[in-house]
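Have a look at the structure below, then the notes.
FYI, it's all coordinate maths here, none of it is from the lab. Remember, predicted model here, so these are calculated numbers, not experimental data. All Cβ positions, glycine included, derive from the backbone under ideal geometry; neighbour counts span all protein chains shown.
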Amino acid sequence: MKITFYGHASLGIKVDDVNILVDPFISGNPKASHIDIHTIKADYILLTHAHQDHILDVKAIAKRTNAVIVSNYEIVSHFEKLGLEGHPMNLGGSWDFEFGNVKYVNAIHTSSFPDGSYGGQPGGFVIEGEHKNIYIAGDTALTMDMKLIPLQIKLDLAILPIGDNFTMGIDDAILASDFVQCDKVLGYHFDTFGYIEIDHEEAKRKFFDKNKDLMLLEIGDSIEL
Ligand code: NI
Ligand code: MN
């Protein structure tokens, strides 16, 4: 499994030959100006919620790639009305896709489209693929529901928001990694806007002091699991 950070909460995940894109917000992110959305591959686009900083590039990329949009019922319906293909889910549900199993799990946040219309309940994803299991928390507060995840699955990586203000910050993300029983964390949802700028060294040190590993990727960089 290869995971590429496209900035903010945007991720590319390659499982075998399948390309999964998560929460594409790239063309509107000045820090990601070196990433060209017209060349990004996508067979599936997973969306945690409807906020603009998670869906901005969905239409352009899904139109070009014919990717299947996977999200809650309301978000998938929204994009199906635009002629795009989707697979609707809702919280607590899971489905076996060609690349592995996806469960849409609880997140504590809000979810509205840029015009203010209802974007369903926000969520995160647990993906089981190619003998590697990952948790993508989405935008969320620290929540006790995270403790449910390790009852069913052993995670290899937890992708957690760490920017604070709109989501968990560093200290809560450390607790979240305890809750999901995964000490290997990829941080996301930081630095994009003034409200969520973080001190990278301090963040890494705080994780290190708890015997945890916080990875912060440069935009465009990848890790292999
Ligand atoms: Ni949000
Ligand atoms: Mn967000």
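Note down the nm distance, to one decimal, between modelled labels 7 Å out along Cα→Cβ at HIS87 and at ALA141.
Taking the two extended label points, one gets 3.1 nm.
For a footprinting-style exposure proxy, rank ASP172, ASP115, ASP213 by other Cβ within 10 Å, fewest first.
Going from sparsest to densest Cβ surroundings: ASP115, ASP213, ASP172.
With runs of 4+ DSSP H residues as the only contributors, calculate the mean residue ellipticity of the chain at 222 nm using -39,500 (n - 2.57) per run, divided by the residue total and rounded to the nearest 500.
Per the formula, -5000 deg cm²/dmol.
Of all beta bridges DSSP finds with both residues in the chain, what is the antiparallel percent, to the nearest 5?
60 percent
Among PHE125, PHE113, PHE25, determine the one that fluctuates most according to a GNM of the chain built with springs between C-alpha atoms less than 10 Å apart.
Its mean-square fluctuation being the largest, the pick is PHE113.
Ordered by packing density, taken as the mean number of other Cβ atoms within 10 Å over each peptide's residues, highest first, how do 98-110, 67-79 rank?
The packing order, highest mean first, is 67-79, 98-110.
Along its principal axes, what span do the Cα atoms of region 73-156 show, with the longest given first and each in whole Å?
Extents along the principal axes, in whole Å: 38, 31, 16.
Can you compute the modelled spin-label distance between LYS41 and LYS63, with each label point 7 Å from Cα toward Cβ, in nm?
Calculated label separation equals 2.3 nm.
Fewest Cβ neighbours within 10 Å first, please rank LEU151, LEU21, LEU82 accordingly.
Neighbour counts put them in this order, fewest first: LEU151, LEU82, LEU21.
In nm, to one decimal, how far is the GLU201 label point from the ASP183 one, both placed 7 Å along Cα→Cβ?
Result: 2.5 nm between the two label points.
What size of dipole, in debye to the nearest 20, comes out for the chain about its Cα centre when the only charges are +1 on Lys and Arg C-beta atoms and -1 on Asp and Glu C-beta atoms?
Magnitude of the dipole: close to 240 debye.
Express in % the proportion of alpha carbon pairs of the chain at distances exceeding 26 Å.
Counting every Cα pair in the chain, those more than 26 Å apart make up 28 percent.
Checking the table LYS81/LYS147; LYS31/LYS59; LYS41/LYS147 against a 26 Å threshold on Cα-Cα, which pairs fail?
LYS81/LYS147; LYS41/LYS147
Relative contact order for the chain using alpha-carbon pairs under 8 Å, separation at least 6, rounded to a whole percent?
After rounding, I find 18 percent.
For TYR73 and ASP17, compute 0.36 nm times the residue count separating them, minus their Cα-Cα distance, and round to one decimal in nm.
Difference between extended and current length: 17.5 nm.
So what does the Cα-only Debye profile of region 46-117 read at q = 0.26 Å⁻¹, as log10 I(q)/I(0), no solvent term?
Log-scaled intensity ratios, in q order: -1.34.
Run the numbers for ASN211 and ASP156: contour at 0.36 nm per residue of separation, minus the present Cα-Cα distance, in nm.
Extra length from ASN211 to ASP156 when fully extended: 18.3 nm.
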